[in-house]
Amino acid sequence: MPKLKSANELEQLRKKIQSKKDTDKLCVTICSGTGCRAYGSENVYQSFIEELRRNDLLDKVDVLPTGCHGYCERGSIVVILPKEICYLKVKPEDVPEIVTTTLIKNEVVDRLLYVGDDGKKIPIEGDIPFYKNQKRIIIGNNRLINPTKIEDYIALGGYSALAKALFEMTPETVLNEVKKANLRGRGGGGFPAGIKWETTRSAPGDVKYVIVNADEGDPGAYMDRSLLEGNPHSVLEGLIIGAYAIEAHEGFVYVRQEYPIAVENLTIALEQAHKYGLLGSHILGSRFNFDVIIHRGAGAFVSGESSALMTAIEGRVGEPRPKYIRTAVSGIWEKPTNINNVETWANVPLIINRGADWFTSIGTEGSKGTKIFSLVGKVINTGLVEVPMGMTLRQIIYDIGGGIPKGKKFKAVQTGGPSGGCIPENLLDLPIDFDELSKVGSMMGSGGMIVMDEDTCMVDIARYFVNFLVGESCGKCVPCREGLKQMLIILNNICNGKGKDGDIELLEEIGEMMSAASLCALGTTAANPVLSTIKYFRKEYEVHIVEKRCPAGVCKELIEYHILQERCQACLICARNCPVNAIAGEKGIVHTIDHKKCIKCGICFEVCPSHFNAVIKLSGEKPPEVSYGMKVTRGKRE
Ligand SMILES: Cc1cc2nc3c(=O)[nH]c(=O)nc-3n(C[C@H](O)[C@H](O)[C@H](O)COP(=O)(O)O)c2cc1C
């Protein structure tokens, strides 16, 4: 790899790489993101190599292991270019058929295609509703790049924004372009990146730092990981451009230790960028010097908070500090430090290349561009989705997500990670952007989106998030440490049938106190799941407290399982699966549950064949009559 000494040399290299690429050549892209790897995509890759070798096709077909394609629900995903034929749930044993049918005979393997609601098969990736309704300007290139090969990124125009910034723009004009684009931070608060850059740039001192925040500790969120794993150079290019604008010469990527593929691909990306002279001294032959260090985080949610993260980089315990002086002015080792989220940085090359006017043409009045969400929970198509700001929750959950599985009803969607809020059905037409989500008591956060169906208990959900935050609170400030603990005690009581009058008001009071008095945003936003569920699902809290019932049938202490004797076929399936032998009865004798032994695991409910439906779950309703020893022969009872 020769060191590139000018923008021209980068352009020459791009042309050389592109000229070697035959765009008509068949190319099998295999999603190798963490999700698909868990489904066994590495074996799918190996099978393609072996099968192509067997058919003497290795020089006629390229095989490209790529980053996450996003449709994680249907992994392993294989897309065959140039036609973009998309195969879902591919297993190694499917590979010989794909090679023979598609790569040799140019036909599609019907059984591996996406099937629409109308039963029609959709062969082309971009026509699948999950992809069709997205705008994938940031995550979209994942599917075209081998993340361990810088040349793939360069071929797609990678590092041309850096060259433009270095040779056609001054640091001030770069800064102004980002300000004009009104790029808001994708990591939580939505603070305008340009203004933060400007604060660091104009803060006194010669030494300044820039940071990529890749901590991403929210349950259910994996956008940043997938971007770093799948297209590390896009983040790196944004960071170098930002450093140029701010006049920083050293940067850090703070990435959690539990993201090994992201760390590995990023390490390779840094080495390759160095070799090509895109990092280090005199980048692309310019006078700009910049280097990056990877700092692996130990996996604490609170360490994603900016001041905590900087303390961790300094080698101390990653706990937040009061921000009387902002980190943009006094960050790592008290030097001005600009921190941005992975996705925020990845937007920068696009803004520089295509301009602020293009960027502001996407999105809403106050929130420009797109946002990546990890759409998870009770939704048919789980995965990573990138949509323009302003798309409604309904469009995301139904048009892209395919709606709620098993014909169940939608109940709520939780956005913004553990400190976000739960949004009810009547707000499904809310256009999502930073401001609209805050108005309804939730937030954008870094982009977690958890869908819940009618079987979800909203009190239990609030309890789940508070429990998570109790474990993650650093304990440094009293409002957060004690407030969360007290909230958890009250929520546990309510879920256990020990709730009392005044509990809801007390939860609200504690929540307001925490929002006003906590040290960092973990504490000030921690009550959101509780306050939003009280706001939109207050009745459910009241039923738990007053009637000691859990309408969704989730809170263990408030439910009981029963066997309907008129439906029981005495088949022994539930009895055999009960882990505590709480089910009495034998072949031919209808079964009964011993409630003293029952641990309410629900296994009997799950295993009872659906054509019998003999096990029911009750919460507060009158239990069915039981007579012991009833015989059943060929459906007749005596
Ligand atoms: C408890 C807590 C955890 C956070 N975790 C992350 C994180 O994992 N990634 C992230 O980018 N921002 C996280 N943030 C937000 C950061 O403090 C900071 O605002 C963000 O990195 C700034 O980048 P942005 O302006 O590009 O969003 C967290 C904040 C809090 C309070």
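The values are calculated or read from the model by the stated rules, or taken from the named source; none is laboratory data. Because the structure is a prediction, the values reported are computed rather than measured. Backbone-built Cβ (ideal geometry, glycine too); neighbour counts: all protein chains shown. These accessible areas exclude ligands, DNA and RNA; they are computed on the full protein's heavy atoms, side chains included. Shrake-Rupley method; radii C 1.70, N 1.55, O 1.52, S 1.80 Å.
A single member of M452, M444, M487 is crowded, with 18+ Cβ neighbours inside 10 Å, touching a Phe, Trp or Tyr at 6+ places or on another chain (Cβ under 7 Å) and either of a type outside the set (K, R) or modelled with pLDDT of 95 or more (or both), and it is M444. Might you let me know whether the stretch 294-314 holds any residue that is hydroxyl-bearing (S, T, Y), closer than 20 Å to T199 by Cα and open to solvent by 50 Å² or more (accessible area, probe 1.4 Å)? Looking for residues that are hydroxyl-bearing (S, T, Y), closer than 20 Å to T199 by Cα and open to solvent by 50 Å² or more (accessible area, probe 1.4 Å), one finds none in the stretch 294-314, hence no. Evaluate the stretch 353-360: report whether one residue or more is under 22 Å from the mean Cα position of the chain (by Cα) and touching a residue at least 24 places away in the same chain (Cβ under 8 Å). Within the stretch 353-360, none of the residues are under 22 Å from the mean Cα position of the chain (by Cα) and touching a residue at least 24 places away in the same chain (Cβ under 8 Å). With respect to being more than 17 Å from the chain's Cα centre (by Cα), away from the ligand (no atom under 16 Å from the Cβ), on the phi > 0 side of the Ramachandran plot and in contact (Cβ under 8 Å) with a residue 60 or more places away in the chain, G402 fits the description. Of the residues making up the stretch 230-246, not a single one is within 16 Å of the ligand (Cβ to nearest atom) and touching an Asp or Glu at 6+ places or on another chain (Cβ under 7 Å). For Y153, the conditions (1) assigned to a helix (DSSP H, G or I); (2) over 29 Å from D62 (Cα atoms) all hold with the exception of (2). Please specify each residue of the stretch 183-220 satisfying the condition of being more than 8 Å from the ligand (Cβ to nearest atom), surrounded by 24 or more Cβ atoms within 10 Å (Cβ to Cβ) and farther than 22 Å from A163 by Cα. Answer for the stretch 183-220, where residues must be more than 8 Å from the ligand (Cβ to nearest atom), surrounded by 24 or more Cβ atoms within 10 Å (Cβ to Cβ) and farther than 22 Å from A163 by Cα: just T200. Can you tell me which residue is modelled with the lowest pLDDT among those in the stretch 390-429 that are among the hydrophobic types (A, V, I, L, M, F, W, C), open to solvent by 10 Å² or more (accessible area, probe 1.4 Å) and within 18 Å of F537 (Cα to Cα)? Selected residue: L427. Among the helices (runs of 4 or more DSSP H) confined to the stretch 439-547, the ones with at least 2 residues that are in contact with a strand residue (DSSP E or B) (Cβ under 9 Å, 6 or more places away or on another chain) and at negative phi are located at 458-472, 528-542.
Taking first residues from the stretch 547-563 that are free of Cβ contacts under 8 Å to residues at least 24 places away in the same chain and partners that are in a loop (DSSP other than H, G, I, E, B) and among the charged types (D, E, K, R), no Cβ contact under 6 Å between residues at least 6 apart in sequence or on separate chains turns up. Among all residues of the stretch 348-360, there is none that is among the hydroxyl-bearing types (S, T, Y), surrounded by fewer than 21 Cβ atoms within 10 Å (Cβ to Cβ), in a loop (DSSP other than H, G, I, E, B) and more than 15 Å from the ligand (Cβ to nearest atom). Taken as a whole, the stretch 320-339 holds no residue that is in a strand (DSSP E or B), within 18 Å of the chain's Cα centre (by Cα) and crowded, with 23+ Cβ neighbours inside 10 Å.
Counting the residues of the stretch 212-230 that are within 17 Å of I294 (Cβ to Cβ), under 11 Å from the mean Cα position of the chain (by Cα) and outside any loop (DSSP other than H, G, I, E, B) gives 3. When K378, K371 are screened for being in contact (Cβ under 8 Å) with a residue 12 or more places away in the chain and open to solvent by 40 Å² or more (accessible area, probe 1.4 Å), only K378 passes.
Checked against (1) more than 16 Å from the ligand (Cβ to nearest atom); (2) surrounded by 19 or more Cβ atoms within 10 Å (Cβ to Cβ); (3) in a loop (DSSP other than H, G, I, E, B); (4) of a type in the set (A, V, I, L, M, F, W, C), A269 meets all criteria but (3).
Just one of the listed residues (V99, V44) is at pLDDT 95 or above, part of a helix (DSSP H, G or I) and in contact with a strand residue (DSSP E or B) (Cβ under 8 Å, 6 or more places away or on another chain), and it is V44. Does any residue in the stretch 302-313 that is farther than 17 Å from A526 by Cα and modelled with pLDDT of 95 or more come within less than 9 Å, Cβ to Cβ, of a residue that is open to solvent by 20 Å² or more (accessible area, probe 1.4 Å) and within 8 Å of the ligand (Cβ to nearest atom) six or more places away or on a different chain, and which pairs are these? What qualifies is L309/N213.
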